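*Asks:* Provided herewith is a single structure, encoded as structure tokens, for subsequent inquiry.
The values are calculated or read from the model by the stated rules, or taken from the named source; none is laboratory data. All figures in this text were calculated on a predicted structure; none of them were measured in a lab. No Cβ is skipped: glycine too gets one built from the backbone with ideal geometry, and neighbour counts run over all protein chains shown. Quick note on the areas: whole protein, heavy atoms, side chains included, nothing else; ligands and nucleic acids left out. Shrake-Rupley method; radii C 1.70, N 1.55, O 1.52, S 1.80 Å.
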Amino acid sequence: MDVISKSIQLIFSGDHDLFQIVLLSLRVSFTATFIASCLAIPFGAMLTNYDFTGKRAIMVVASAFMALPPVVVGLLVYLMLSRSGPLGEWGLLYTPSAMIIAQTMLIFPIVLVLTVEALKPIKRDYSHLMNALDVPPMLRLRTMIWDARFAIYTAVLAGFGRALAEVGAVILVGGNINGQTRVMTTTIALESSKGNLELALALGLILILLALIINAAMHGVARIGQRYQVTRQ
Amino acid sequence: MRPFIAALTIAISTASMAMADFITVASTTSTQNSGLYDQILPQFTAQTGIEVRVVAVGTGQAIRIAQNGDADVLLVHHRASEDAFVAEGYAKQRFDVMYNDFIIVGPKTDFAPSSLDELLNHFVKTGDQTFISRGDDSGTHKRERELWAKYAESMPAGDWYREIGSGMGATLNMASAINGFTLTDRGTWLSFGNKGDLGIIWQQDKDLRNPYGVMVVDSDRFPHVKSDLAIQFAQWLISDTGQTAIGDVRVAGKQLFCPNANQQSEQEQTPDDACPAQ
């Protein structure tokens, strides 16, 4: 297959531009996943633990936002960061930071909803015990998150996958600027629009390969963790 | 988890890179997809140390970006919109930079039109050829609408006329896939890699001239615009050095753009395939 040989060629050509693009893709999506997780996991734990008015509404809205089209998020962030927008002073439009903001907004609901789902069984099992022991709130949240960590891992991975794969948001707020804000997905879009379909597909294969390696690594870490947990008991 | 967090902290800290002098140029997909910027910008950067960041979108969207103050320079191809941009006070002046021409491409058929008029009316009357329209408010799309308005007996409508709302490349990809006709700029066509059975159906017509203009976004209107650097870029484009660089851009041995900042030299040019007499 021509495409496969082309992608292998691309990977081993040591092409500096490709390396830079891959690196930026990873940097933007990793950072967005990290920020979204730092916000969504504690918030999700809080939502699971406490009952208050509007909680159900938050969950419904968050679930609906899992289906947010990236291009809508991109548009929203563009309008905020544009020089004519409320945050125009910051001058962030067409920078990697703008891309991180857009991806963070995009995946926050995903990590949140999946975290809440991951914590539900833990809450069911632990709440009576914790109430009986009168565990302070912070410790309660921390314990629950820690014991659900492998399920939360999946939530984070789902968010990361979505961030790495989307193109609509980053192309709007990043502008696909060569050497500055060009990532894997926007390069694929650009090359296919140039009619270089094989090159575009080759880049797509590299992106999938990358996702495969990262997921395999994360699963490896999780498995080692689980084994350790079993032997400890 | 710890090393994971450490790695991410590094990823974030590298995000704040040192910023060199740079300007943002809002421009069209036709200039980027044809490879113009890849060939001329390194020369400008080497001579001035100014980095140029190009955001390539349709002409309509590029103008919107510049009107929002999100670009320092605007380089597009729709004269009426450019004049309006200057008239509305977003830029002080517009400069001619270069031109090439539009062509109509499509599957090779027996039908040989004798004029653009005949070709366009053939589409409208028979309706048995698919015509793919950009439909995205780009310079090419605006020109296409103008051509229908000028020549066709009725504006195109029906199943044969498809407005796909995409860039030039995506439009050519679709034309190639379903053997349809479309209007494209010559630069994108020459560098397009998926031509399939398509060929040039109509070219070298006075109505198909495609001039590009450059404007520096007015810093009176948007104080943050880097007008010093932007003016330097615009002046380089219309200087002898810049004009030579533009004229030297080749794809597959063919000239893509004809520099015309200096009107006199334009008249001296001999007409040929890439730079038809205007």
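*Asks:* Just wondering, is there one or more residues in segment B:67-86 that are open to solvent by 10 Å² or more (accessible area, probe 1.4 Å), outside the structural domain of B:Ile50 (by TED's automatic domain parsing) and over 19 Å from the mean Cα position of the chain (by Cα)?
*Replies:* Within segment B:67-86, none of the residues are open to solvent by 10 Å² or more (accessible area, probe 1.4 Å), outside the structural domain of B:Ile50 (by TED's automatic domain parsing) and over 19 Å from the mean Cα position of the chain (by Cα).
*Asks:* Regarding segment A:130-150, can at least one residue be identified that is within 27 Å of A:Ala32 (Cα to Cα), touching a Lys or Arg at 6+ places or on another chain (Cβ under 8 Å) and touching a residue at least 24 places away in the same chain (Cβ under 8 Å)?
*Replies:* Yes, the conditions are met somewhere in segment A:130-150.
*Asks:* Please determine whether any residue of segment A:178-192 is in contact with a helix residue (DSSP H, G or I) (Cβ under 8 Å, 6 or more places away or on another chain), over 30 Å from A:Leu79 (Cβ atoms) and facing chain B (nearest Cβ under 10 Å).
*Replies:* So far as segment A:178-192 goes, no, none of its residues is in contact with a helix residue (DSSP H, G or I) (Cβ under 8 Å, 6 or more places away or on another chain), over 30 Å from A:Leu79 (Cβ atoms) and facing chain B (nearest Cβ under 10 Å).
*Asks:* Just name the residue that is surrounded by the fewest Cβ atoms within 10 Å (Cβ to Cβ) out of those in segment B:210-228 that are hydrophobic (A, V, I, L, M, F, W, C) and modelled with pLDDT under 95.
*Replies:* Filtering first and then ranking leaves B:Phe222.
*Asks:* Would you mention how many residues in segment A:86-139 are surrounded by fewer than 18 Cβ atoms within 10 Å (Cβ to Cβ) and within 14 Å of another protein chain (Cβ to nearest Cβ)?
*Replies:* 5
*Asks:* Taking the stated definitions as given, is B:Thr28 more than 9 Å from chain A (Cβ to nearest Cβ) and modelled with pLDDT under 95?
*Replies:* Here the answer is yes, as B:Thr28 does meet what is asked.
*Asks:* Quick check on my filter: what residues within segment A:73-85 are hydrophobic (A, V, I, L, M, F, W, C) and either in a loop (DSSP other than H, G, I, E, B) or within 11 Å of chain B (Cβ to nearest Cβ) (or both)?
*Replies:* A:Leu79, A:Leu81
*Asks:* Give the residues of segment A:75-97 that are under 17 Å from A:Phe160 (Cα atoms) and not polar (S, T, N, Q), sorted by residue number.
*Replies:* A:Pro96
*Asks:* For segment A:168-180, name all the residues that are part of a loop (DSSP other than H, G, I, E, B) and at pLDDT 95 or above.
*Replies:* Passing the criteria: none in range.
*Asks:* Further question: What's the number of the only condition in (1) within 14 Å of another protein chain (Cβ to nearest Cβ); (2) within 30 Å of A:Gly174 (Cα to Cα) that A:Arg149 fails to meet?
*Replies:* Result: A:Arg149 passes all but (2).
Yes/no matrix, rows are residues, columns are (1) modelled with pLDDT under 90; (2) not in a helix (DSSP H, G or I):
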site	(1), (2)
B:Asp110	yes, yes
B:Asp117	no, no
B:Glu144	no, no
B:Trp148	no, no
B:Asn173	no, no
B:Ala177	no, no
B:Gly187	yes, no
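*Asks:* Would a scan of segment B:210-220 turn up a residue that is among the charged types (D, E, K, R), out of contact with any Pro (no Cβ under 7 Å at 6 or more places or on another chain) and under 10 Å from B:Asp72 (Cβ atoms)?
*Replies:* Checked against the condition, which is being among the charged types (D, E, K, R), out of contact with any Pro (no Cβ under 7 Å at 6 or more places or on another chain) and under 10 Å from B:Asp72 (Cβ atoms), segment B:210-220 yields no hits at all.
*Asks:* A further question on this structure: Does B:Gly169 satisfy being within 13 Å of chain A (Cβ to nearest Cβ), surrounded by 20 or more Cβ atoms within 10 Å (Cβ to Cβ) and outside any loop (DSSP other than H, G, I, E, B)?
*Replies:* Criteria met by B:Gly169.
*Asks:* Go through A:Glu89, A:Glu117 for me and flag whichever is of a type in the set (Asp, Glu) and closer than 20 Å to A:Gly175 by Cβ.
*Replies:* A:Glu89
*Asks:* Another one. Given B:Val225, B:Val216, which one is part of a strand (DSSP E or B) and outside the structural domain of B:Trp148 (by TED's automatic domain parsing)?
*Replies:* So the residue among B:Val225, B:Val216 that is part of a strand (DSSP E or B) and outside the structural domain of B:Trp148 (by TED's automatic domain parsing) is B:Val216.
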